[in-house]
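Heads up, the thing below is written out as C-alpha cells.
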Amino acid sequence: MIRVVQAEVSLIGRYLQQGDKEHLVDSRDHEVDGFYEDKIRSATSQALQMAESKGLDSLGLPVIPSGRQKVEPDRVARTMVSEVRRQFALGCGLRDVTFMVENEETMTAFRDMLNRTRIVCLGDSITYGYPEGPDFSWVAVVQRATGHTFVNRGVNGETTGQMLARFHRDVVPEAPAYMIFLGGHNDGWQKVPFSATQQNITTLTGLALEEGICPVLGLPSPLNLEQMMQYYQWDRREAEQYVWRLDQIRQWIAEYASARGILTLDFYTPLLSPDLKEGDPKFLLDGGHPTREGYRILGQSVTKQWLSFHT
C-alpha cells in the first residue's frame, strides 16, 4: 500500500534525526536542475532497496521542499510515486510506503497521484482484439477478472513509432497509474529498422515515467510460420525473416526491461505450441492474430501476472 500523510515540519525533522538517513528521501539534498527527476528517482529507489535489504516491511519517506529553489509539488509527486509503483511491480518486499509531507499543496499533489488507478493498454491489433474487437480482447478479459479499469488503446496495423506519436493523445489524458505497452509485430511486418524500434520503445518508457506513469512492457505474442504462409501466401524466406525480426524485437525488449528495471508481461509463452517452438495454430487465426480462445488465454495469463504484484 502507498499512502501520504501530512506532518508538522518539526515532526518530520525529528524523524530525519532519529531514523536511518540512508532510508530517507529529503529533497533538500538535491539541486533543482534538468536532472532533478533522475536524482530524486534514484534516491527514492535506493531508499526502497536499502529498506528491503534490512528486512523492513514498511518505510516512511519524508518529502521536504528545497529552501533554495521552488520545487513544483506535482513534479516531485510524479517522480516519487511512479518510482515506488515501479519497485512494487518488480516484486519489492515492502508492504507499505508512506510519504510524509509538510503542507497542503504537496499533500494534494501526492494524493492526486495516489488516486490514479487506471491502466492504459497501448498497442496494435493484438491489444485492440482484431478481428472481433475490444470486447473480445485480452484487455477485456483482464478487466472482467480483476475489476480494475483497463483502457484499450490498441490500433490495428500500428508500428511502435505510430504508438509513440499518439502517446500524449491516447495515454496522458487518461491520467493512468500504469501503461502496458505491447508492440513490435508491425515493426517486423513493415521492416522498420531495428534501431528505430528500440528508440521508440526507449522514448515511450521515458515519457511515461516523466508523466508519473509506471510503464510495463509486453513481450510480443508468437507467430506460426506455416499458418502465416498459407494465409498470406508468402514464400518461406519472407515469412522466416518476419519471424526472425519479431524474435529479435522480443529478445531486446526482455533485455532492455531487465536492465532498466521495468516489469514485463509475457504474451509469448501462453500461445506457444506444445513443443514450444512457435505459436500454436489452435489459438491463431492467420499465424499471428489470436482466435477468441487465444485472447482468452492471453487475458488469463496477464491476469495471473498482474495480480501477483497488484493487490
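Straightening the chain between Lys277 and Arg111 buys 55.0 nm, computed as 0.36 nm per residue apart minus the Cα-Cα spacing.
Counting only heavy atoms of the protein chains and using a 1.4 Å probe, Ser258 has close to 100 Å² of accessible surface. Scanning residues 5 or more positions from Leu61 or on other chains, those with amide H under 5 Å from its amide H are Thr98, Phe99, Met100, with H placed 1.01 Å from N in the peptide plane.
Summary of packing: across the peptides 77-83, 135-141, the per-residue average of other C-beta atoms within 10 Å ranks them, highest first, as 77-83, 135-141. A 1.4 Å probe run over the protein chains yields, for the stretch 99-248, 41 Å² of accessible area per residue, whole-number rounding. When the chain is described by a simple charge dipole with +1 on each Lys and Arg Cβ and -1 on each Asp and Glu Cβ, the residue from Ala257, Ser58, Gly188 located farthest towards its positive end is Ser58. Dipole magnitude for the stretch 55-193: computed about the Cα centre from +1 point charges on Lys and Arg Cβ and -1 point charges on Asp and Glu Cβ, it is near 180 debye. Within the accessible area of the chain, the carbon and sulfur atoms contribute 49%, probe 1.4 Å, all protein chains present.
With a Förster radius of 35 Å applied to the beta-carbon distance between Asn156 and Asp38, the computed FRET efficiency rounds to 0.45. The protection proxy used here, the mean number of other Cβ atoms lying within 10 Å of each residue, ranks peptides 177-185, 152-160 as follows, highest first: 177-185, 152-160. The stretch between Thr202 and Gln46, if pulled fully straight at 0.36 nm per residue, gains 53.9 nm over its current Cα-Cα span.
The values are calculated or read from the model by the stated rules, or taken from the named source; none is laboratory data. What you see is a predicted model, and the numbers here were worked out from it, not measured in a lab. Glycine gets a Cβ as well: all are built from the backbone with ideal geometry, and neighbour counts include every protein chain shown. Surface areas here come from the heavy atoms of the whole protein model, side chains and all, with no ligands, DNA or RNA. Shrake-Rupley method; radii C 1.70, N 1.55, O 1.52, S 1.80 Å.
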